[in-house]
1. In region B:83-118, which residue that is of a type in the set (V, I, T) and more than 8 Å from every other protein chain (Cβ to nearest Cβ) is nearest to B:I461 (Cα to Cα)?
2. What pairs come up if the first residue lies in region B:579-594 and is among the polar types (S, T, N, Q), the second is assigned to a loop (DSSP other than H, G, I, E, B), and their beta carbons are under 6 Å apart, counting only those six or more places apart or on different chains?
3. Could you tell me how many of the residues in region B:142-193 are more than 14 Å from chain A (Cβ to nearest Cβ), on the phi < 0 side of the Ramachandran plot and either among the charged types (D, E, K, R) or without any contact (Cβ under 8 Å) to a residue 40 or more places away in the chain (or both)?
4. Can you tell me which of (1) within 8 Å of chain B (Cβ to nearest Cβ); (2) surrounded by fewer than 11 Cβ atoms within 10 Å (Cβ to Cβ) is the one A:A50 doesn't meet?
5. Using beta carbons and a limit of 6 Å, which pairs, at least six apart or on different chains, have the first residue in region B:363-382 and touching a residue at least 60 places away in the same chain (Cβ under 8 Å) and of a type in the set (A, V, I, L, M, F, W, C) and the second one surrounded by fewer than 22 Cβ atoms within 10 Å (Cβ to Cβ) and assigned to a loop (DSSP other than H, G, I, E, B)?
6. Quickly run through region B:473-519 and pick out the residues that are part of a helix (DSSP H, G or I), among the small types (G, A, S) and in contact with a strand residue (DSSP E or B) (Cβ under 7 Å, 6 or more places away or on another chain).
7. Would you check if there is a residue in region B:604-616 being over 32 Å from the mean Cα position of the chain (by Cα), closer than 30 Å to A:I111 by Cα and either at pLDDT 85 or above or within 12 Å of chain A (Cβ to nearest Cβ) (or both)?
8. Taking region B:105-140 as the region of interest, how many residues are modelled with pLDDT of 90 or more and in contact with a Gly (Cβ under 9 Å, 6 or more places away or on another chain)?
Amino acid sequence: MSASAARRAVRTATAPSATERVRPPHLRSAPDLGRRRRLRAALVAGVTVAVASLFLMVACSVLIAQGQFERARLVERQEAAQRRYEGLRLDVAERSSPDAIVSAATRLGMIVPDQVDYVEASVAASPDPSDRTATTLDESWGEVKASLGSEP
Amino acid sequence: MAQSRSTRPSQRPRSAQRRGAHAGPDLARRARNRMRAIAGIMTVLFCAISGRLVQVQAVGADWYANKGLRQRLATVPLPAERGSIFDRDGRDLAISVQRETVWADPALIVDPVAAAAKLAAVVDVDQGTLVRRLSESGKRFVYIARTVEDSVAEAVRALAIPGVGFLPESKRYYPAGTLAAPVLGEVGGEAAGLGGLEYMYDDILAGKDGEIEVERDLRKMQIPRTERRRVVAERGTDLVLTIDEALQYQAESALIDQVEATGAKGGLAVVVDVQTGDLLAAATVDGASNEAPAHAAGPEENNRPLTDVYEPGSTNKVIAISAALDAGVVGPWTEFDVPDWIRVGDATFTDNEGHPQMRWSTTDILRESSNVGTIQIAQALGKDRLDGALRAFGLGEPTALDFPGQAAGILLDPADYYSTGIGAVPIGYGVAVSLLQMTDVFVTIANRGVTQPPRLLASTIEADGKRRTEPIGTGKRVVGAETAAAVTEMLTEVVSGGTGACAAIPGYVVAGKTGTSRKHVEGVAGYSGGHMASFIGFAPAEDPRFAVAVLLDDPVPIYGGRVAAPVFAEIMRSALRLEGVQPSPLTAGPPQWEQAAEAAREDVVDCAVPHGSALEAIVAERAASPAGGGGESSGEAPARAGTLGDPTSPTG
């Protein structure tokens, strides 16, 4: 062992350890405030995110549930409207049936004549088939049955 | 503290002091015991609850979860809407409307009698019946009332009876009542077609039912976000028929009044578009009974113009004469010496009215509806060629309509003819046809000798609105165009001055043939005293648009020219007017309708179909007569009826 190494060894053996050193009472080691703050912030953020997520999930769930109720309500309304449409369609069909028209005419005082006379038209004055007033499938399907088919 | 504690006992009475000396340790012991007991009980309870918890949550978790799910889970049917049936102009003939069916779970009905009393006041069901249904033990589903009106359903809902529920169910309506009812048929309680087109097209009309599987709460309300499965219902296909509602009504109305006026047992009418084969009207009318006047047949009845057969009588002469003309055996003006009777085999056939031997052309024979003359022509033609013509015109096989229960008719093989066959068949006996088959014969003549297969379904409309048009059938040539033109000309003569004068229509030239045949007795050889009166024709003769056939069952008078031809004229006039068909061009000489009117006047025939007060007068007169059968004989054949058991006369 060299002399310098021996001195180092003596110094090391005689120097008090850090814990053995007496700390002055007004001094203490400063805590790592930044780390703790970051931890707290992270904790707060985590909790906030968790609570917010939870709240969001609950809110979403509530919204979805409300949407479901709204959907159920709309389906119910649609079914009611469909039933109403069908009922009205039936009503129109019944009121416009030949028998109903004749019954209504009879109630109004019209009678079936014993003899029907027709005016004889000459050929020149005869009606043009294209001028017929009776509606046909080709002409009126779109108006009358719009919901059932686009083309006759 | 110590002082006060020491002084307190001294203030107590002696007895208390004595008791207190022992109370301290006793109370503590008893409290400890009580505490131990409570703790023990609590422990036992805790253990029991914990055990139960483990059993419910761990050991039997699946079982309980499934049980709960089964209670909440419900399969809700989504009934498919049945397709509608429209006439050719899109008017509703049959539509389905969603209604609610009221049902109950008897197991949940606390007081069946009280519930039945409440329900009976709302639904149209007898209270006793409801009590019986609601008291059925072991059943979890009974019907209270099916497909009730919305107002009734609301009233039942307002009663809020536990155990009473609602089901959506479709109800079939026929807005025009019994109009074309035998054609349409009907739908049964289980939404299955039972007859007519409802049965024939049931598979495409019905659509496909759907269903959803959801969880429901105690109030049967769907729990949100619990839908597990959804099968969407597919709406049925709509049918667009060739039937014209207005024309159908006209046909039924005219037929009903004539059936009522003539006291017939019933009547049939058919209207066909000659150019397309479209069946525009098919009317079936029941005669008057003690319960009801003549009326249109209901949906439970057969569509008789297609399903029932009759012996056509003189309308069949058109086939024999067409075949003879086409084969070159005779021409329109080939003349025959025609007596008023002829012997064929072991039977004597006569004309309807006696006459001296006449020199009649083929046209005259058809115009006068001579049985003897027609038999002479048929004998010249031969039975094989006659049979070939009958089959070529479509007799003996169902028409192209493929309607349920459609009749093929009866047509004997020539080898099986009786000795009288060549006499009977040409004049419409020994052969049975449906009214539509016979109408098709006239459609073929009107269509210049080419058949035009009938069509009842014009198109279908699928749920997505896609429309499929049914093709118009392709016909086959039966006779040459010249033959058809010649026969048409001869048939106009029948109306101008022959037996069919009452079929004339002012403004148009009509071609047609009368028919009057004896009624066959069911299951017995021979004929009854009843008759079938018919008229079949088409118009305008120069460019035919419609063919109309009318048949009356056992009318008085018995002749087709008297009772069926007027109905034909009324229906044909309606058809021509509805379609806006131009009147026939005027030709030299008096028009057909004036000639026909003159002929009717000479025969003292009233050609009008009685309506309104005129009909009421006729019905009242018939009711007042002793026999209740009207002014004419009761349908017995006239004096010149042929040999009993032979189909000889009358035909006309």
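The values are calculated or read from the model by the stated rules, or taken from the named source; none is laboratory data. Only a predicted model underlies this, so the values are computations on that prediction, with no experimental measurement involved. We place every Cβ from the backbone using ideal geometry, glycine too, and count neighbours over all the protein chains shown.
1. B:I85
2. That search, which allows pairs on different chains as well, returns B:Q582/A:S126; B:S584/B:V509; B:S584/B:P540; B:S584/B:E542; B:Q592/B:A504; B:Q592/B:V509.
3. Number satisfying all stated conditions: 9.
4. Every listed condition holds for A:A50 apart from (1).
5. B:L381/B:V329
6. Start the filter on region B:473-519 by keeping residues that are part of a helix (DSSP H, G or I), which leaves B:481-497, B:501-503.
Among the residues that remain, those that are also among the small types (G, A, S) are: B:481, B:484-486, B:496-497, B:501, B:503.
If the condition is that a residue be part of a helix (DSSP H, G or I), among the small types (G, A, S) and in contact with a strand residue (DSSP E or B) (Cβ under 7 Å, 6 or more places away or on another chain), then B:A503 is the only one that fits.
7. Yes, because at least one residue in region B:604-616 is over 32 Å from the mean Cα position of the chain (by Cα), closer than 30 Å to A:I111 by Cα and either at pLDDT 85 or above or within 12 Å of chain A (Cβ to nearest Cβ) (or both).
8. The number of residues fulfilling the criteria is 4.
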